[in-house]
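Engineer: Okay, handing you the structure first.
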Protein chains: 4
Amino acid sequence: MTEPCFDVAHLGHVELYTDKFEESLDFFTRVYGLTPSLLEDGCAYLRAFDDYEFHTLKLTRHHTTGVGHVAYRTASPQALERRVAVIEAMGCGIGWVDGDAGHGRAYRFTDPDGHIFELYYDTKIYEAPEAERPALKNIAQRYHGRGCCPRRLDHLNLLAADVSVIRDFMTQALGSRVTEQIQLDNGRLGGCWFTVNNKSYDIAYSEDHGGGQGRFHHVTYAVDQREDILRAADIFLENGVHIETGPHKHAIQGTFFLYVWEPAGNRVELANAGARLILRPDWPTVTWTETERKKGQAWGLKTIETFHTHGTPPVGADKKG
Amino acid sequence: MTEPCFDVAHLGHVELYTDKFEESLDFFTRVYGLTPSLLEDGCAYLRAFDDYEFHTLKLTRHHTTGVGHVAYRTASPQALERRVAVIEAMGCGIGWVDGDAGHGRAYRFTDPDGHIFELYYDTKIYEAPEAERPALKNIAQRYHGRGCCPRRLDHLNLLAADVSVIRDFMTQALGSRVTEQIQLDNGRLGGCWFTVNNKSYDIAYSEDHGGGQGRFHHVTYAVDQREDILRAADIFLENGVHIETGPHKHAIQGTFFLYVWEPAGNRVELANAGARLILRPDWPTVTWTETERKKGQAWGLKTIETFHTHGTPPVGADKKG
Amino acid sequence: MTEPCFDVAHLGHVELYTDKFEESLDFFTRVYGLTPSLLEDGCAYLRAFDDYEFHTLKLTRHHTTGVGHVAYRTASPQALERRVAVIEAMGCGIGWVDGDAGHGRAYRFTDPDGHIFELYYDTKIYEAPEAERPALKNIAQRYHGRGCCPRRLDHLNLLAADVSVIRDFMTQALGSRVTEQIQLDNGRLGGCWFTVNNKSYDIAYSEDHGGGQGRFHHVTYAVDQREDILRAADIFLENGVHIETGPHKHAIQGTFFLYVWEPAGNRVELANAGARLILRPDWPTVTWTETERKKGQAWGLKTIETFHTHGTPPVGADKKG
Amino acid sequence: MTEPCFDVAHLGHVELYTDKFEESLDFFTRVYGLTPSLLEDGCAYLRAFDDYEFHTLKLTRHHTTGVGHVAYRTASPQALERRVAVIEAMGCGIGWVDGDAGHGRAYRFTDPDGHIFELYYDTKIYEAPEAERPALKNIAQRYHGRGCCPRRLDHLNLLAADVSVIRDFMTQALGSRVTEQIQLDNGRLGGCWFTVNNKSYDIAYSEDHGGGQGRFHHVTYAVDQREDILRAADIFLENGVHIETGPHKHAIQGTFFLYVWEPAGNRVELANAGARLILRPDWPTVTWTETERKKGQAWGLKTIETFHTHGTPPVGADKKG
């Protein structure tokens, strides 16, 4: 038996592009409830109250929407070296970069669909200023209660032309495990959920029917309780945020979800996984057939059409919308 | 930097002794909501609805209460061999046993306080019979809704004469990380929380003031939501179960808790950690001083006296009680 | 100013017809979580754990589905006499009946759509047998935790050919207040919500597009928390109950809802209104336009088609389904 | 049978005195989550997001703490006249006042312990300004999500030298029903819970052991879910608010509670009653004995000592504290 790989510790941060920077920033801070660590010209470093790093979301002013890059932190400096060696051997490496305001040097590479990834170990730990210091010292920042107030970055979802190719890539490059997947009748993979640790997933890929490349589906932060998501639905409603679908429970992974579109159009989720974890080291991939997926979500909600068509940046028909 | 160790995957099961077997079994199945995989003469193999293994609690008829043994599953067969080598070198090994109804061969050893531990890799996966098959195939058993209906085994807490010695032992033997601890004014450790994975802890030790050896403090299963714990409080109330303290939020680890005593006197907890996980690979131990601990639990509840005195099997004054 | 009327205290019970008596009874007791007070041949008297009367749901074996009768309890014997005088003057009275196992004599009458109503004051108070006695004596029965375990009967919804006529009828006959209503573009009322007390509604009527008469839309019991409804969704899922729509929040009345069909096809809801009450004595009816209703439910869920077409007993196309 | 009285519709507002006006105002608006309708010199008119009137809490700068007056709204102008006639006949009337910024003329009277009450019918309905307009028009103000964000005023608790005298007074003056009470072994009433509508109580009185007169115990606003109270506990914790006791479930009335002290020392509660209502017109008073009360709260929490000694304004030993 090949031993499981633990080189990559966790998803570190996501860079999101917005062509409505001010509106997006207002959404992510006042409504969604993230806290800025640094606001630069056209760039905001944001994090949830219990994210231990300087930032988990980098919001960047851009001529379009979508994802800038995705970063994972490794378990150690040695693990970083091992991964870089593997990735270079795979031939998809870009090379070392200095890292931005939130962390040290990082190794960049691309997935087969053109999304840019980073691996890093050296990071900047968030130090709460006086006003944000928590009453209990085992959390990173005080529970501020502003907006939806999620606890931490949870996962992201990317679109790709061929999810099967991504499956091979992610398991090799990051040593990820495939916890669940959708097997379409045409032999293709409709979606694939990966994890590098005990979370049930930290990244997922869905098949892109829009013909784009390197596109983004959504990013998700975790709240502590499902009630936080019901409460968030009212907050989104009162703030005029477009609620796409939810709250409801996913059949796949069982997470309780709520999807909205931030002002620039990027899809953002709030989710709660309850006490579910993938602790089993030899977890067998759960495969869902197309027939099973047609039953809709866990409690019968039909998956909304835009969930299959809307990605960022928009392409084709969606672009005009 | 020494690299983190990932040899041990997770806490596997706990064997609990009871001198009121029938009453304890009724409590754990009907009220607490575990499901038996196997009932033998004087022995019950129990599990929560999403525990993937054959059992996570072995309830054994005995002349007293307390813990029989504690078992962890390793990440691979190779990892098991590595750990056994370390433990044998530490001089605290007992040797290989065949394993009981729930798993294959296991290596036994003792901690410095005399508690018996097991490490194993080969395990028996729970196969849900027809009536217990879940509607969604990514959970182990259907959500049956019986009693408190916890999702999975979470952690246990043991008493020890010297927690400092235990800290060195656990970090060496299992490669556990110390996520939080209590530093008493007298220089001793009052308590220590360990984890081998991304859960904030899977085992904790508290100083035994009773003069016993190898004693047990409590075992805990996790529910998905804090509301499940409030609901459980009513279930315990209506079933005449002794509620010791809670529901409330721990200052240490931030878990939402409820402690009860099962009919034989063993302390049992229900807990919810929200979305909190220890994803940071270089997590620095959080140390609480005696002064900080005097503030009570997170929202001010004073820690109840019996929490410091009651363990199983009882010793001294507690024994007569 | 005319003074408000307080003659009618609350909705008392609903008689439901089923052509699958055993399956329906199993659903209402084991899955939905009501408790039988009396089981007779072809008739079950059921109640929720905190309903103070002998029964709030009478389940009757019948050749079809739908509602048998609807009963309200008056505030006093004198109030009963006053209401009977009003109803007789309205010309829709049927006359006095002895009452069944659950209450004393009752006055029967019909609404303009042919549904049968009862008014009564003398009632049989539920006396919990030993095994059902609550730990706290201010609730009617112990919190048993079986199935969805609702607290009390909340409301029902009936279909009618002309809701405007019903509005006049209910306000006159029972002295009900109209808390909310739907004003269609064609001048008709699409729906109307009534209350006789501080609950936001105890009965609602929706326009019947099916051409039937005296038909039933749904009956609803209240749970304490929204989490109870999310939990119930899993219970319905695991027990193969058809979930029609939800959980979600109604735009009208703001209740958090979940609709299922019991085995015979009658629609049953679980709901939670939070802390919302109609305490204002001069509450002005909230009127929703057709345009407003097209926005869907509170968080955007589109109202499912069957919600407008499915009633019991079935008529027309629905009948064949 | 005497018919029940429905003259008084609901508790209208409470005037609270503070000798730390700015700190108290900051607490009630930013932390507790009420919204000001009007801020005057030394006086703030506050309300919860779904309170339909101009204000439910009048915060008044004063040389001490405690309650200024308590106001109930009647069901109609005629009902107001009837109540005034009764109260004048009882000989405890003060007379008509013009009413303040929140309502029209009101009739003032005193209870036997010297607390000042008001009855009024004409009131000022809250009209949400543009920024506070709700997305759904059936609530008074948008769900702003600021602080604990309670929905509405729920009840208050006053201290009195002789609760038996109060019981007779309230049932006669307001036509209140006594839903629950504590019967002490010495023949006195330890506490009494009253309601004028379907809420389980709108005012409670506890015996004042401090020797004061006209003192205040606490005022309570209702939140929709118990989870809102758990969340509020973290908000209070992070804002340095003194949490006196809770969250826990009351044995009496079954409400889920959390008690804090606002900066000037007045006790403030957040509570949730679930779906519990007193719909029964002939509800028999539930009487708790001293022995029963010694069991503590519903799940065993011992009632904290200050709960019996701390009232506002402080007297005796508490005064020096």
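Values in this text are rule-based calculations from the coordinates and carry no lab data. A quick note: this is a predicted structure, and the numbers were derived from the prediction, not measured. Cβ coordinates were reconstructed from backbone atoms using ideal geometry, including for glycine residues, and neighbour counts include every protein chain displayed.
Engineer: From the backbone phi of the stretch B:111-124, what are the Karplus-calculated ³J(HN,Hα) couplings (6.51 cos²θ - 1.76 cosθ + 1.60, θ = phi - 60°) in whole Hz, Gly and Pro given as x?
Structural biologist: Result, rounded to whole Hz: 8, x, 9, x, 6, 8, 10, 9, 10, 8, 10, 5, 9, 9.
Engineer: Relative contact order of chain C: what whole-number percent is it, with Cα pairs under 8 angstrom and at least 6 residues apart? Could you put the intermediate results ahead of the total?
Structural biologist: On the way: 758 pairs, mean separation 57.0, N = 321.
Once divided by the residue count of chain C, the mean separation gives 18 percent.
Engineer: Under the definition of partner shielding as Cβ atoms of other protein chains within 10 Å of a residue Cβ, what is the mean value for peptide D:276-287?
Structural biologist: 6
Engineer: Is the stretch A:8-320 rounded, prolate or oblate when judged by the Cα gyration tensor, a ≥ b ≥ c being the square roots of its eigenvalues, rounded requiring a/c under 1.5 and prolate requiring a/b larger than b/c?
Structural biologist: Working: a/c = 1.32, a/b = 1.07, b/c = 1.24.
Rounded, because the longest to shortest axis ratio a/c is under 1.5.
Engineer: Copy-to-copy spacing for residue B:283, label 7 Å out on the Cα-to-C-beta vector, in nm, shortest first?
Structural biologist: Copy-to-copy label distances for residue B:283: 1.7, 4.7, 4.9 nm.
Engineer: Would you grab the residues whose amide H sits under 5 Å from the one on residue D:190? Only those 5+ places off in sequence or on another chain, please, with H modelled 1.01 Å from N.
Structural biologist: Amide H neighbours of residue D:190: D:182, D:183, D:184.
Engineer: For the stretch D:178-194, just list the computed ³J(HN,Hα) in residue order, Karplus coefficients 6.51, -1.76 and 1.60, θ = phi - 60°, integers in Hz, with x standing in for Gly and Pro.
Structural biologist: 9, 7, 8, 7, 10, 9, 6, 5, 7, x, 8, 8, x, x, 8, 10, 10
Engineer: Next question. Could you tell me which of rounded, prolate or oblate describes the stretch A:204-284, using a ≥ b ≥ c as the square roots of the eigenvalues of the alpha-carbon gyration tensor, with rounded for a/c under 1.5 and, failing that, prolate when a/b is larger than b/c and oblate otherwise? Write down the numbers at each step before the final one.
Structural biologist: Numbers: a/c = 2.60, a/b = 1.12, b/c = 2.32.
Oblate is the answer for the stretch A:204-284, as a/c is 1.5 or above yet b/c matches or exceeds a/b.
Engineer: Can you bin every Cα-Cα distance in the stretch D:19-125 into 5 Å intervals starting at zero and give me the percent of pairs per bin, rounded to whole numbers?
Structural biologist: 2, 11, 20, 21, 19, 14, 8, 4, 1
Engineer: Using only Cα positions of the protein assembly as shown, each an equal point scatterer, no hydration layer, compute I(q)/I(0) via Debye at q = 0.05, 0.06 Å⁻¹ and quote the log10 values to two decimals.
Structural biologist: Values, matching the q order: -0.36, -0.53.
Engineer: In nm, what does the list of distances from residue B:78 to its counterparts in the other copies look like, shortest first, when each label sits 7 Å along Cα to Cβ?
Structural biologist: So the label point of residue B:78 gives 1.4, 8.9, 8.9 nm to the other copies.
Engineer: Let me ask something else about it. List the lysines whose Cα lies under 21 Å from the Cα of residue A:20, skipping any in the same chain that are fewer than 8 positions away.
Structural biologist: Excluding near neighbours in sequence, the set is A:58, A:319, A:320.
Engineer: Too long at a 24 Å Cα-Cα cut-off: which of B:302/C:137; A:295/C:302; A:249/B:137?
Structural biologist: Working: B:302/C:137 28 Å; A:295/C:302 18 Å; A:249/B:137 14 Å.
The answer is B:302/C:137.
Engineer: Further question on the same structure: Enumerate the calculated ³J(HN,Hα) couplings along the stretch A:241-248 in order (Karplus 6.51 cos²θ - 1.76 cosθ + 1.60, θ = phi - 60°), each rounded to whole Hz, writing x wherever the residue is Gly or Pro.
Structural biologist: Working through the residues one at a time gives 7, 6, 8, 7, 6, x, x, 6 Hz.
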